[in-house]
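In what follows, a single structure is set out as structure tokens and then discussed.
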Amino acid sequence: RDHDVNADSRACRRERREELKSKYATQLAALTQAGINVDCPCTLWQLEKNQGDVNKVIEKMSHRREKKEKLAELDTKYASQIAQ
């Protein structure tokens with residue numbers, strides 16, 4: 001029974017993603033041009049949250065990328081201390 005619920009939930013999410021892809025097709029193209037990974041579900045979520053404002057999404061995603069790069073840099077810098 002739980003399997004059926006999970007399958008329905010996945011199908012529903014997939015349908016919702018497809019709806020959002022259609023709704024924001026123009027914005028997704030602009031984000032692709034800006035180098036944003038549009039295959040990530042969070043990109044669609046950000047578009048929906050920001051009413052399709054591409055600039056806000058780029059700002060959020062760039063901030064997220066910078067944060068990820070900074071953490072990777074710190075991991076490298078302190079790898080020996082982390083290993084102990």
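Would you mind checking the range 61-80 for residues with the amide N under 19 Å from a putative spin-label position 7 Å along Cα→C-beta of A34?
61-69
Hey, with R₀ at 30 Å, roughly what FRET efficiency would R14 and K70 work out to, going by the Cβ-Cβ distance, to 0.05?
Plugging the Cβ-Cβ distance into 1/(1 + (r/R0)^6) gives 0.35.
Give me the dipole magnitude in Debye, nearest 20, for the chain about the Cα centre, with unit charges on the beta carbon: positive for Lys and Arg, negative for Asp and Glu.
140
With a cut-off of at most 16 other beta carbons within 10 Å, and DSSP calling the residue loop, which chymotrypsin sites (Phe, Trp or Tyr not before Pro) in the chain qualify? Please list them.
Sparse-neighbourhood loop chymotrypsin sites (Phe, Trp or Tyr not before Pro): Y78.
What is the angle, in °, between the Cα long axis of helix 2-23 and the longest principal axis of the Cα atoms in the chain? Nearest 10 is fine, range 0 to 90.
Its long axis makes an angle of about 90 degrees.
Which of T43, T32 comes first, and how do the rest follow, when ranked by fewest Cβ neighbours within 10 Å?
The most exposed by this proxy come first: T32, T43.
Taking the alpha-carbon distance from K68 and a cut-off under 23 Å, which lysines remain once sequence neighbours fewer than 8 residues away in the same chain are dropped?
Straight-distance partners of K68: K49, K56, K60, K77.
Where in the chain are there trypsin sites (Lys or Arg not before Pro) that are in a DSSP coil and have at most 12 other Cβ atoms within 10 angstrom of their Cβ?
Those satisfying the criteria are R1.
Which option, (i) 17.5, 50; (ii) 13.6, 40; (iii) 18.7, 65, is the value of Rg and Dmax of the Cα atoms in Å that was calculated from these coordinates?
Of the labelled values, this structure produces (i).
Give me the angle, in degrees from 0 to 90, between the Cα long axis of helix 54-77 and the longest principal axis of the Cα atoms of the chain, rounded to the nearest 10.
Around 30 degrees separate the two axes.
Do you know the relative contact order of the chain, to the nearest whole percent, from alpha carbon pairs under 8 angstrom that are 6+ apart?
Reported relative contact order: 20 percent.
Order of S62, S9 from fewest to most other C-beta atoms within 10 Å?
Ranked by crowding around the Cβ, least crowded first: S9, S62.
Throughout, read-outs are computed from the coordinates displayed, never taken from laboratory work. Quick caveat: nothing in here was measured; it's all calculated off a predicted structure. Note that we place each Cβ from the backbone using ideal geometry, even for glycine, and neighbour counts take in every protein chain shown.
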